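The values are calculated or read from the model by the stated rules, or taken from the named source; none is laboratory data. What you are looking at is a predicted structure, and each value in this text was computed from that prediction instead of being measured. Here the Cβ positions follow ideal geometry from the backbone for every residue, glycine too, while neighbour counts run over all protein chains shown.
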Amino acid sequence: MNQYQLTKLAKRVGFYALIAVVMVYAIFPFYYAVITSLKPSSDLFRVDFWLSTVDFGNYVQIFTQKSFVRAIFNSIIVSLSVVFIALLLGITASYALGRVRFRGRTTVLLVILGVSMFPQVAVLSGLFEVIRGLGLYNNPAGLILSYTIFTLPFTVWVLTTFMKQLPMELEEAAIMDGATPWVTITKVFLPLMWPAMATTGLLAFIAAWNEFLFALTFTLTDDQRTVPVAIALISGGSQHELPWGPIMAASVTVTVPLVILVMIFQRRIVSGLTAGAVKG
Amino acid sequence: MASVNLSKINKVFGSTHIIKDLDLEVGNGEFVVFVGPSGCGKSTLLRLIAGLESISGGELKIGDDVVNDLPPRERGVGMVFQSYALYPHMTVYENMAFGLKLAKMAKETVDDRVMATARILQLEELLHRKPKELSGGQRQRVAMGRAMAREPRILLFDEPLSNLDASLRVQMRNEIARLHHRLGSTMIYVTHDQVEAMTLADKIVVLRDGRIEQVGSPQTLYQQPATKFVAGFIGSPTMNFMPAELLGSDGDGCKVKAPGLGELALPQDASGQRHGTDLTLGVRPEHLRLAEARGDNSFEIVNVEYLGNEVYVYLEPQAGDTLLIHRSEAPSQWQIGQRVALVPETEHVHLFDADDRALPLAKAAAAA
Ligand SMILES: Nc1ncnc2c1ncn2[C@@H]1O[C@H](COP(=O)(O)OP(=O)(O)OP(=O)(O)O)[C@@H](O)[C@H]1O
Ligand SMILES: [Mg+2]
């Protein structure tokens with residue numbers, strides 16, 4: 001082996017080592033959560049990185065708790081509703097912002113972007129008043145409303161960028177064929193916007209699924225809670241015992257669907273996110 | 001099928017006036033081609049007729065109906081776009097059926113119409129393909145099929161062939177011409193390819209800066225251009241222009257003096273012009289003969305292009321001037337560097353006044 005080949009080999013080894021580090025860094029916490037969830041509670045504080053015995057006791061425990069099952073159900077309803085509403089409003093808004101020429105269009109877009117910069121805490125109290133005023137306190141509908149407010153700017157922004165790229169002549173062809181704007185959106189644009197919709201829809205879903213602050217503030221009773229809050233409120237046998245096993249089991253349970261969703265849509269997400277970056 | 005009638009049509013975008021008081025008559029079944037330099041308003045005019053742009057002033061009639069305020073679908077027009085604009089997620093069949101379904105036609109009618117259109121355009125084999133599985137020429141035909149399927153009263157084309165390569169363009173040009181013969185429908189076609197204009201049109205409309213420069217048959221435009229602009233725009237290679245001075249005129253024609261050509265007796269009526277005025281003389285490359293140089297009136301041959309069937313000879317009047325072009329059948333005896341005399345065929349020479357309008361033929365010459 002000469003010098004050149006050696007350097008090449010070294011570079012290669014270095015490259016894969018770096019990848020390994022990144023992988024461990026990214027995956028280890030999740031891996032540890034899975035391991036913990038599968039340990040019997042007696043083993044909990046024995047630190048070891050390999051699983052010797054698999055014990056589903058923690059999972060049985062959380063799924064026999066009615067409030068947790070109920071929380072999963074609430075989360076699904078809330079997240080799906082947010083996705084649906086955000087996409088519906090996002091698509092129609094992006095048509096207006098991307099296609100219809102009107103005065104103040106840029107201003108509207110900038111305001112939308114600006115709004116999405118506010119931290120959640122900043123609007124918490126204001127939003128609380130709104131939700132109480134609407135009679136949506138301790139009601140999943142209140143969560144749907146507040147999550148949509150935070151999801152919509154991003155959705156509108158991405159979909160508008162995407163919509164702007166669709167050729168003008170395509171829309172005009174539809175107009176010549178006698179299509180109304182609604183028909184153009186649903187029959188011509190929607191089928192072409194799946195990548196963007198999958199991206200924004202999934203991100204909206206994840207955001208709604210994982211949201212904690214609003215969910216904690218706007219709900220009161222166990223049967224109205226969503227998963228993140230429910231997990232946080234899982235309590236152990238006594239005041240001094242933190243039930244790590246069940247908490248980890250619950251966390252894994254609610255994360256796995258997300259991972260699967262992301263895997264399914266990953267190619268679309270990439271094409272959706274890069275849309276607008278490069279002209280096709 | 002229908003006629004189209006534009007009177008005093010105007011289009012203003014913001015503060016720019018694009019189409020200015022335009023009058024035009026398109027007869028039933030006519031094939032009309034809009035030509036003109038880029039940005040002169042060809043597409044805008046077509047889109048005004050289609051209903052994709054609103055009319056700022058004037059009246060647009062299709063058939064007997066004033067359609068100014070009708071949306072495109074109620075005007076009975078079909079349009080073929082430059083980029084084809086086929087719906088990428090639909091098959092050829094669905095592309096053509098889309099408009100028919102939106103018009104709430106019965107399923108059988110839709111099927112019949114699509115099939116009939118597909119037969120005319122030889123698309124039957126391709127009905128179940130998506131646009132991305134088609135060649136450029138096939139996409140072009142689908143785009144035409146989609147516009148035709150609704151049996152519009154008028155078919156509009158905006159540079160439909162400009163995305164095709166040269167040989168396919170010739171082939172599609174032919175197909176469009178045959179289609180027009182077969183269907184006899186009214187067609188309006190925008191192009192800046194003058195060969196397309198000459199070969200397809202019953203009537204060519206030359207536009208310039210939102211105004212009509214001249215309307216006429218290809219032959220009229222070629223033989224009797226009304227202005228220097230039309231003369232230079234129609235014909236390839238373009239007409240040669242040279243300065244000329246008016247020496248005198250009578251009922252039979254006029255006499256001019258052009259540098260390098262000497263004195264010429266021309267059939268134009270220059271009675272409206274003052275003697276000594278500067279005119280422009282125009283000669284098409286094929287109406288310019290070359291002869292052995294004699295005396296001062298000679299030009300140097302700077303280039304000879306051999307095209308197989310014909311030869312273009314480029315001459316330089318004076319260093320730095322625009323080149324003059326002579327065109328003749330191959331083979332040619334002329335060589336680069338030779339000095340030659342130019343002899344225009346005076347019966348084919350055009351004269352333009354200071355405002356670039358063509359001078360009419362004198363009565364005697366016109367009668368002959
Ligand atoms: N929507 C619009 N807003 C403002 N100006 C426009 C608009 N559409 C066209 N124009 C202007 O109108 C003029 C004519 O445009 P048009 O597209 O009709 O030209 P054209 O003759 O088709 O040119 P080309 O041969 O390049 O296609 C251009 O100067 C163009 O900038
Ligand atoms: Mg154009």
Can you find even one residue in the stretch B:88-107 that is within 16 Å of ligand 1 (Cβ to nearest atom) and either at pLDDT 95 or above or touching a helix residue (DSSP H, G or I) at 6+ places or on another chain (Cβ under 9 Å) (or both)? no
Considering each residue of the stretch B:3-30, count those that are more than 7 Å from ligand 1 (Cβ to nearest atom), on the phi > 0 side of the Ramachandran plot and small (Gly, Ala, Ser), and give that number. 1
Would you mind stating whether B:Ser54 is more than 16 Å from ligand 2 (Cβ to nearest atom), within 14 Å of chain A (Cβ to nearest Cβ) and either part of a strand (DSSP E or B) or hydroxyl-bearing (Ser, Thr, Tyr) (or both)? yes
Return yes or no: is B:Val67 closer than 18 Å to B:Val114 by Cβ and either among the hydroxyl-bearing types (Ser, Thr, Tyr) or more than 7 Å from chain A (Cβ to nearest Cβ) (or both)? no
Could you list, in sequence order, all residues of the stretch B:296-325 that are in contact (Cβ under 8 Å) with a residue 12 or more places away in the chain and among the small types (Gly, Ala, Ser)? B:Ser298, B:Gly308
From B:Arg129, B:Arg139, residue being part of a helix (DSSP H, G or I), assigned by TED's automatic domain parsing to the domain that holds B:Asp193 and of a type in the set (D, E, K, R): B:Arg139
The stretch B:99-116, residues that are aliphatic (A, V, I, L, M) and within 10 Å of another protein chain (Cβ to nearest Cβ): B:Leu100, B:Leu102, B:Ala103
Could you list, in sequence order, all residues of the stretch B:142-159 that are within 16 Å of ligand 1 (Cβ to nearest atom) and within 12 Å of chain A (Cβ to nearest Cβ)? B:Leu156, B:Asp158, B:Glu159
Taking the stretch B:300-324 and the residues there that are outside any loop (DSSP other than H, G, I, E, B) and charged (D, E, K, R), the one that is farthest from B:Val340 (Cα to Cα) would be B:Glu310
Name the single residue that is farthest from the other protein chains (Cβ to nearest Cβ) among those in the stretch B:76-98 being surrounded by fewer than 20 Cβ atoms within 10 Å (Cβ to Cβ) and not charged (D, E, K, R). B:Thr91
Test B:Ala118 against the criterion of being closer than 30 Å to B:Lys20 by Cα and either modelled with pLDDT under 95 or within 16 Å of ligand 1 (Cβ to nearest atom) (or both), and give yes or no. no
In the stretch A:71-88, what residues are closer than 11 Å to A:Gln224 by Cα and buried (at least 16 other Cβ atoms within 10 Å of the Cβ)? A:Ala71, A:Ile72, A:Asn74, A:Ser75, A:Val78
Within the stretch B:21-51, can you find the residues that are in a loop (DSSP other than H, G, I, E, B) and of a type in the set (S, T, N, Q)? B:Asn28, B:Ser38
Residue that is farthest from ligand 1 (Cβ to nearest atom), among those in the stretch B:160-194 that are surrounded by fewer than 21 Cβ atoms within 10 Å (Cβ to Cβ) and within 14 Å of chain A (Cβ to nearest Cβ): B:Asn163
Filter the stretch B:150-162 down to the residues that are more than 16 Å from ligand 2 (Cβ to nearest atom) and in contact (Cβ under 8 Å) with a residue 60 or more places away in the chain, then identify the one that is farthest from B:Thr186 (Cα to Cα). B:Arg150
Take the stretch B:121-135 and flag every residue that is surrounded by 15 or more Cβ atoms within 10 Å (Cβ to Cβ) and more than 14 Å from every other protein chain (Cβ to nearest Cβ). B:Leu121, B:Leu123, B:Leu126, B:Leu127, B:Arg129, B:Leu134
Among (1) away from ligand 1 (no atom under 16 Å from the Cβ); (2) away from chain A (no Cβ under 14 Å), the one test that B:Arg73 misses: (2)
Among (1) of a type outside the set (Gly, Ala, Ser); (2) at pLDDT below 85; (3) surrounded by fewer than 14 Cβ atoms within 10 Å (Cβ to Cβ), where does A:Arg103 come up short? (2)
Just name the residue that is farthest from the chain's Cα centre (by Cα) out of those in the stretch B:116-134 that are more than 16 Å from B:His89 (Cα to Cα) and free of Cβ contacts under 8 Å to residues at least 12 places away in the same chain. B:Glu125
Residue set B:Ser185, B:Ser249; condition away from ligand 2 (no atom under 16 Å from the Cβ) and farther than 28 Å from B:Ala265 by Cα; output residue B:Ser185
Inside the stretch A:138-227, counting only helices (runs of 4 or more DSSP H) that do not spill past its ends, which hold 3 or more residues that are away from chain B (no Cβ under 12 Å) and either surrounded by 19 or more Cβ atoms within 10 Å (Cβ to Cβ) or out of contact with any Gly (no Cβ under 9 Å at 6 or more places or on another chain) (or both)? A:140-165, A:194-210, A:213-218
Quick one: count up the residues across the stretch B:219-243 that are over 21 Å from B:Tyr314 (Cβ atoms), aromatic (Phe, Trp, Tyr) and under 12 Å from the mean Cα position of the chain (by Cα). 1
With B:Ile18, B:Ile9 as the choices, which residue is within 16 Å of ligand 2 (Cβ to nearest atom) and either part of a strand (DSSP E or B) or modelled with pLDDT of 95 or more (or both)? B:Ile18
Cross-chain or 6+ apart pairs with Cβ under 9 Å, the stretch B:31-46 first and near ligand 1 (Cβ under 6 Å from one of its atoms), then in a loop (DSSP other than H, G, I, E, B) and among the hydroxyl-bearing types (Ser, Thr, Tyr): B:Lys42/B:Thr191
